[in-house]
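If you scroll down you'll find the structure; I have some questions about it.
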There are 2 protein chains.
Amino acid sequence: MAEFPFAIAATEGQARTGLILTPRGEIATPAFMPVGTAATVKGLLPSQVAQTGAGVLLGNTYHLMLRPGAERIARLGGLHAFMGWSGPILTDSGGFQVMSLAKLRTLDAQGVTFKSHLDGSSHLLTPERSIAIQADMLGSDFVLQLDECPALPAAHTLVENAMRLSLAWAKRSKAAFGERANQALFAIVQGGTDPGLRRASALALVDEGFDGYAIGGLAVGEGRSLMLDTLEATIPHLPQQKLRYLMGVGKPIDLVESVARGVDMFDCVLPTRSGRHGQAWCDRGPINLKNARFQEDTNPLNASLDCPASRDFSMAYLHHLVKAEELLAQVLLSWHNLAYYQDLMARMRCAIAQGRFGAFVSAFRDGWAGD
Amino acid sequence: MAEFPFAIAATEGQARTGLILTPRGEIATPAFMPVGTAATVKGLLPSQVAQTGAGVLLGNTYHLMLRPGAERIARLGGLHAFMGWSGPILTDSGGFQVMSLAKLRTLDAQGVTFKSHLDGSSHLLTPERSIAIQADMLGSDFVLQLDECPALPAAHTLVENAMRLSLAWAKRSKAAFGERANQALFAIVQGGTDPGLRRASALALVDEGFDGYAIGGLAVGEGRSLMLDTLEATIPHLPQQKLRYLMGVGKPIDLVESVARGVDMFDCVLPTRSGRHGQAWCDRGPINLKNARFQEDTNPLNASLDCPASRDFSMAYLHHLVKAEELLAQVLLSWHNLAYYQDLMARMRCAIAQGRFGAFVSAFRDGWAGD
C-alpha cells in the first residue's frame, strides 16, 4: 500500500478538517464525492463538476466492468482519460451493486457469480478481480475492497457472516493490492447496526492495517438515528490519523451529523438524482421546483454560490423548464445541487477550522425542515 | 418598422456575406439560428450556445404562448431576461406549429382558433395577436408575420388560397407592428413549389415593404431538388439589400446549396434533435455514434472546432455515453452539432469573402455522403 498523506488541520469534538494530498490533486476534508456511475456525473461536463469545487469523484466498478468493460477502459488509457477527469477518483468494489442490481447471484467464499442486469451475461467478481479492475484497469486512486453488504433488517447471524466474509475478503484484497505507488486501499467496516459486530469488524480491519476505512452497509433503510448510533459505535475504534469514508450518504443533514461524528468522506447520488427530478437542495431541505409558487419568482436558487445554475437563472425559469420536462432543467438542478453540496462541505470545514462547528450543527439542525 | 442595418460585405453569384447590426449584437450572415423552442436550446446553457458562435436564437411563439404564457414572460421581463440570452432573438409567428401541433384548429380570415396540445385549452391567434406576443410580450428582435402554411403536396387552389391569406395577414401584421425602434418585421413568402405563386407572393410582399423576407412552407417533404428550384424561383424577386430567411432548413448540404442561391438566415432543430439521438454532423453527413466501430476510437469528433464537446472527448467515450443512454451524450452531441453548424456558416462566409465559394460548394457536394 501507499497511503496518501492526510494532514488533519483542526478538530472539534469528533469532527475534523484536513487535506489529502494525492498526485492528481489535493482534497479538502470533510469531502463530498459526486457520483459518476457510468464514467459520467449524470448530465454534467467534468469541467462543470470541477467548477463546483469537487476534488474527487466516485466511479462504480460494477457498472463500468459491464459497460464499456474494464479491459476496454484500460486499453483507452484508464478511467481518468476516458471520462476527461484529471482529479482523483475513488471506485467502489462492485459488491453493493452486485448484491442489489445483478439478476442472479451466487455467493461463496471465493467471490460472487452474477448475471449482468444489462444483457444477462455471466461474470465472476472476486476480491482479487475487483482490485485488478479498480487499480490496474480503471486506474483508480482510491480502491475499495470487495465486501458483502446484506440488506437491513437482517438476522444477526446473516449480518455477522457477511461481516466475517468481508473481513476475509479485506485480507485477500490487501494481498492482491500489494505495494503500489500513488494508490490507496480502503477496507470496509460491516456489521449492520449491531455495535458489537461493528466494533469487531473495525478492530480486525485496523489490526490488518489499511490506508483508510469505509463504513459500509448503512443508509440502506435503517433510519438516521440508527445510522448515527452505528457511526458512534464504529468510529472510536478507527485510528485518528486515517481517513473515514461513509458510503452512500446522504442528505445535507446526514452529512452534517456524520461530520460531527468524525466522518471525512462521503458519496451519494442524491444531488444529481434529485436534480433530475426537479428538486433543488438548500439548508432547509429540498425545494420542489415544480411547485406553482415559483411561477413568477425572479430570485435565483442561491445567489451566493459561485455556480451559474445557482446564480444566473430565476426560479420562475427553472420552474418552467421542469414543467416542460426540458433537459436543461436536469442539467441546471444537478449542477446547482452539486454546488450546494460542495459549499456545505466548505462551510463545515471552515466552521471546524474556526472552532465554531458545534454552533454550526445546532443552527443547521434548527433550520432543517426536510425529512 | 425599424430595420436593422444590413451591410453586404461581399457577393459571389447569388451568395452573399454581410453583417446585421442590432442593438443586442452583430450577426454575421449567412447565419444559422439554433432553435430554443421552449425558451431553451435543448440541453445547453445560453453560454454554451454563445460559445459556438451563434449570434441569434429562434424562439417558438406557439410553445411560449402556451407555456409559460406570453403574459407571464412579459411580467418576467421578456424572453431575453427569462432565458438568460442577451443576444438577438427571432421568433416565428406560431402559424406553422398551430397548423401542425394544435389539436383542433379552425381557420378563417380573422385568424386561427385552436386547442393547446398540452392541456386542450382554447386559444385564438390572429396576425395582430401574434405581433403583440412577439414584439411586446416576448420582446423579440426579429418578428415574423402570421402565415398559413399548407402541408405539401396540396392542390393548387389550396396553396394559392394559403398564399393569398398569408399576404392579407402580412398587411395586417405590418399595420399592427407600426413603427418600432430596434425591432424588425419579416414577411413570409408562400406559394408551395409553384414558381408563379412564389413570384406573386414575393412581388406583393416586396411592394408592401418589409424589413426582411422569410421563405416559408419549404422543407416539408417536397425534397431537396424541388426546394432549391423554389428558392431559384423566389429569391430573384426579393430586393438585394434585404435579408432572406429560409425557415426550418436544414441539413448541412441544404445550407450550402441555399447559401449559393442567396439565403442569409436559417433555423433548424436538426443539430440539437439529432444530437439527442446519438448523431454527430460533419462535412460528409451524420455520424451515428452508436455504431460499434467507435468502441475504441480515441479520436475526438473534430479537433479543429473550438468546442469542448467536439475537441475534448473521444468518440469511444461518446459511443459509451450513447449506448448507456446518458444525459451527457445528448448534451455533448447537441453542443458539437451546433458548433459544427456555426463553423460551417463561418467557413461559407469566409469562402464568399475570398471569392472561392464556387469551389467550396463543389468540394462540399463531392464530399457529402448523406441523404
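The values are calculated or read from the model by the stated rules, or taken from the named source; none is laboratory data. Everything numeric in this text was worked out from a predicted model, so none of it was measured. Cβ: placed from backbone, ideal geometry, glycine included. Neighbour counts: every protein chain shown.
Mind listing whichever residues of the stretch B:30-42 are among the small types (Gly, Ala, Ser) and crowded, with 24+ Cβ neighbours inside 10 Å? Even if it seems obvious, please write down each step before you answer.
So the first thing to find is which residues in the stretch B:30-42 are among the small types (Gly, Ala, Ser), and the list is B:31, B:36, B:38-39.
Hits for the stretch B:30-42 are B:Ala31, B:Gly36, B:Ala39.
Based on this model, can you work out whether B:Pro46 counts as within 11 Å of chain A (Cβ to nearest Cβ), buried (at least 22 other Cβ atoms within 10 Å of the Cβ), in contact with a Phe, Trp or Tyr (Cβ under 6 Å, 6 or more places away or on another chain) and modelled with pLDDT of 95 or more? Full working, then the answer.
Details: within 11 Å of chain A (Cβ to nearest Cβ): yes; buried (at least 22 other Cβ atoms within 10 Å of the Cβ): yes; in contact with a Phe, Trp or Tyr (Cβ under 6 Å, 6 or more places away or on another chain): yes; modelled with pLDDT of 95 or more: yes.
So B:Pro46 fits the description; yes.
For the stretch A:49-82: of the residues being surrounded by 24 or more Cβ atoms within 10 Å (Cβ to Cβ), within 10 Å of another protein chain (Cβ to nearest Cβ) and touching a Ser or Thr at 6+ places or on another chain (Cβ under 9 Å), which is nearest to A:Asp306 (Cα to Cα)?
Taking the candidates together, the pick is A:Phe82.
Any residue in the stretch B:138-155 that's touching a residue at least 24 places away in the same chain (Cβ under 8 Å) and over 30 Å from B:Trp85 (Cα atoms): show its pairings with residues that are crowded, with 24+ Cβ neighbours inside 10 Å and of a type outside the set (A, V, I, L, M) at Cβ separation under 6 Å, as long as the two are six or more apart or on different chains.
Note: pairs meeting the criteria are B:Leu152/B:Gly192.
Name the strands (runs of 3 or more DSSP E) wholly within the stretch B:86-134 that hold at least 3 residues that are crowded, with 21+ Cβ neighbours inside 10 Å? Full working, then the answer.
Values: elements: B:89-91, B:105-107, B:112-115, B:122-125.
Per the criteria, B:89-91.
Determine which member of the set B:Arg105, B:Arg164 is farther than 24 Å from B:Thr230 by Cβ and either without any contact (Cβ under 8 Å) to a residue 24 or more places away in the chain or more than 21 Å from the chain's Cα centre (by Cα) (or both). Working first, answer last.
Working: B:Arg164 fails: farther than 24 Å from B:Thr230 by Cβ.
When all the criteria are applied, what remains is B:Arg105.
Still on this structure, please answer the following. Could we say that B:Leu152 is assigned by TED's automatic domain parsing to the domain that holds B:Gly216, surrounded by 19 or more Cβ atoms within 10 Å (Cβ to Cβ) and under 21 Å from the mean Cα position of the chain (by Cα) here? Break it down into steps so the answer makes sense when it comes.
Values: assigned by TED's automatic domain parsing to the domain that holds B:Gly216: yes; surrounded by 19 or more Cβ atoms within 10 Å (Cβ to Cβ): no; under 21 Å from the mean Cα position of the chain (by Cα): yes.
No.
Can B:Gly370 be described as small (Gly, Ala, Ser) and part of a helix (DSSP H, G or I)? So that I can check it myself, show each step before the final result.
On the way: small (Gly, Ala, Ser): yes; part of a helix (DSSP H, G or I): no.
Taking the combined requirement at face value, the residue does not satisfy it.
While we're looking at this one, here's another question. Of the conditions (1) over 22 Å from B:Glu326 (Cα atoms); (2) modelled with pLDDT under 95, A:Gln97 satisfies every one except a single condition; which number is it?
Of (1) over 22 Å from B:Glu326 (Cα atoms); (2) modelled with pLDDT under 95, only one is false for A:Gln97: (1).
Quick check, is B:Glu257 closer than 21 Å to A:Ser47 by Cβ, crowded, with 18+ Cβ neighbours inside 10 Å, of a type in the set (Asp, Glu) and modelled with pLDDT of 95 or more? Lay out the reasoning, then the answer.
Numbers: closer than 21 Å to A:Ser47 by Cβ: no; crowded, with 18+ Cβ neighbours inside 10 Å: yes; of a type in the set (Asp, Glu): yes; modelled with pLDDT of 95 or more: yes.
No.
Return yes when A:Ala202 is out of contact with any Lys or Arg (no Cβ under 9 Å at 6 or more places or on another chain), assigned to a helix (DSSP H, G or I) and within 24 Å of A:Glu257 (Cα to Cα) and no when it is not. Give the derivation first.
Values: out of contact with any Lys or Arg (no Cβ under 9 Å at 6 or more places or on another chain): yes; assigned to a helix (DSSP H, G or I): yes; within 24 Å of A:Glu257 (Cα to Cα): yes.
Yes.
Right, another one. Exactly one condition in (1) over 24 Å from the mean Cα position of the chain (by Cα); (2) under 20 Å from A:Ala50 (Cβ atoms) is not met by A:Ala303; state its number.
Of the numbered conditions (1) over 24 Å from the mean Cα position of the chain (by Cα); (2) under 20 Å from A:Ala50 (Cβ atoms), the odd one out for A:Ala303 is (2).
Tally time: how many residues in the stretch A:177-196 are part of a helix (DSSP H, G or I) and surrounded by fewer than 20 Cβ atoms within 10 Å (Cβ to Cβ)?
As a first pass, look at the stretch A:177-196 and keep what is part of a helix (DSSP H, G or I): A:177, A:195-196.
Retained after the next criterion (residues that are surrounded by fewer than 20 Cβ atoms within 10 Å (Cβ to Cβ)): A:195-196.
Looking only at that region, the number is 2.
Let me ask another. Could you list, in sequence order, all residues of the stretch A:316-340 that are under 16 Å from A:Ser304 (Cβ atoms) and either more than 11 Å from chain B (Cβ to nearest Cβ) or basic (Lys, Arg) (or both)?
Of the residues in the stretch A:316-340, the ones under 16 Å from A:Ser304 (Cβ atoms) are A:335-340.
If the condition is that a residue be under 16 Å from A:Ser304 (Cβ atoms) and either more than 11 Å from chain B (Cβ to nearest Cβ) or basic (Lys, Arg) (or both), then A:His336, A:Asn337, A:Leu338, A:Ala339, A:Tyr340 are the ones that fit.
Right, something else. How about the stretch A:228-259: which of its residues are touching an Asp or Glu at 6+ places or on another chain (Cβ under 7 Å) and either outside the structural domain of A:Phe142 (by TED's automatic domain parsing) or aliphatic (A, V, I, L, M) (or both)?
If the condition is that a residue be touching an Asp or Glu at 6+ places or on another chain (Cβ under 7 Å) and either outside the structural domain of A:Phe142 (by TED's automatic domain parsing) or aliphatic (A, V, I, L, M) (or both), then A:Leu228, A:Leu243, A:Met247 are the ones that fit.
Still on this model: Checking A:Ala309 against (1) of a type in the set (Gly, Ala, Ser); (2) surrounded by fewer than 19 Cβ atoms within 10 Å (Cβ to Cβ); (3) touching a residue at least 12 places away in the same chain (Cβ under 8 Å), which single condition isn't satisfied?
Evaluating A:Ala309 over (1) of a type in the set (Gly, Ala, Ser); (2) surrounded by fewer than 19 Cβ atoms within 10 Å (Cβ to Cβ); (3) touching a residue at least 12 places away in the same chain (Cβ under 8 Å) leaves (2) as the failure.
Consider the stretch A:83-92. How many of its residues are facing chain B (nearest Cβ under 9 Å) and over 18 Å from A:Val269 (Cβ atoms)? Please lay out each step first, then the result.
From the stretch A:83-92, those facing chain B (nearest Cβ under 9 Å) are A:83-84; that's our starting set.
Of the ones still in play, those that are also over 18 Å from A:Val269 (Cβ atoms) are A:84.
Count: 1.
So, one more: Is it the case that A:Gly111 is small (Gly, Ala, Ser) and touching a Pro at 6+ places or on another chain (Cβ under 6 Å)? Steps first, answer last, please.
On the way: small (Gly, Ala, Ser): yes; touching a Pro at 6+ places or on another chain (Cβ under 6 Å): no.
The answer is no for A:Gly111.
Take the stretch A:337-371 and flag every residue that is closer than 30 Å to B:Thr37 by Cα and either of a type in the set (Gly, Ala, Ser) or in contact with a Gly (Cβ under 7 Å, 6 or more places away or on another chain) (or both).
Initial filter on the stretch A:337-371 (closer than 30 Å to B:Thr37 by Cα): A:337-340.
A:Asn337, A:Ala339 - these are the residues of the stretch A:337-371 that are closer than 30 Å to B:Thr37 by Cα and either of a type in the set (Gly, Ala, Ser) or in contact with a Gly (Cβ under 7 Å, 6 or more places away or on another chain) (or both).
In addition: Is it the case that B:Arg273 is surrounded by fewer than 20 Cβ atoms within 10 Å (Cβ to Cβ), out of contact with any Pro (no Cβ under 9 Å at 6 or more places or on another chain) and within 14 Å of chain A (Cβ to nearest Cβ)? Show your work before the answer.
On the way: surrounded by fewer than 20 Cβ atoms within 10 Å (Cβ to Cβ): yes; out of contact with any Pro (no Cβ under 9 Å at 6 or more places or on another chain): yes; within 14 Å of chain A (Cβ to nearest Cβ): yes.
Yes, satisfied.
Another question, then. May I ask you to verify whether A:Thr40 is closer than 29 Å to A:Phe177 by Cα, among the polar types (S, T, N, Q), within 14 Å of chain B (Cβ to nearest Cβ) and within 16 Å of the chain's Cα centre (by Cα)? It would help to see each step written out before you state the result.
Numbers: closer than 29 Å to A:Phe177 by Cα: yes; among the polar types (S, T, N, Q): yes; within 14 Å of chain B (Cβ to nearest Cβ): yes; within 16 Å of the chain's Cα centre (by Cα): yes.
Judged against the criteria, A:Thr40 is a match.
So, restricting to helices (runs of 4 or more DSSP H) that lie completely within the stretch A:244-359, which ones have at least 2 residues that are among the hydroxyl-bearing types (Ser, Thr, Tyr)? Write out each step before concluding.
On the way: elements: A:252-260, A:270-276, A:308-311, A:315-323, A:327-353.
Filter on the stretch A:244-359 gives A:270-276, A:327-353.
Among B:Ser201, B:Ser225, which is the only one that is of a type in the set (Gly, Ala, Ser), in the same structural domain as B:Pro88 (by TED's automatic domain parsing) and without any contact (Cβ under 8 Å) to a residue 12 or more places away in the chain? Working first, answer last.
Details: B:Ser201 fails: without any contact (Cβ under 8 Å) to a residue 12 or more places away in the chain.
Every option except B:Ser225 fails the conditions.
Restricting attention to the stretch B:197-219, which residues are modelled with pLDDT of 95 or more, under 22 Å from B:Val143 (Cα atoms) and surrounded by fewer than 23 Cβ atoms within 10 Å (Cβ to Cβ)?
The answer is B:Leu203, B:Ala204, B:Val206, B:Asp207, B:Glu208, B:Gly209, B:Asp211.
Here's another thing I want to ask about it. Could you go through the stretch A:19-29 and let me know if any residue there is under 22 Å from A:Gly250 (Cα atoms), more than 11 Å from chain B (Cβ to nearest Cβ), surrounded by fewer than 24 Cβ atoms within 10 Å (Cβ to Cβ) and among the aliphatic types (A, V, I, L, M). So that I can check it myself, show each step before the final result.
As a first pass, look at the stretch A:19-29 and keep what is under 22 Å from A:Gly250 (Cα atoms): A:19-20, A:27-29.
Next, from what is left, pick out any that are more than 11 Å from chain B (Cβ to nearest Cβ): A:19-20, A:27-29.
If we keep only those that are surrounded by fewer than 24 Cβ atoms within 10 Å (Cβ to Cβ) as well, we get A:19, A:28.
Of the ones still in play, those that are also among the aliphatic types (A, V, I, L, M) are A:19, A:28.
Yes.
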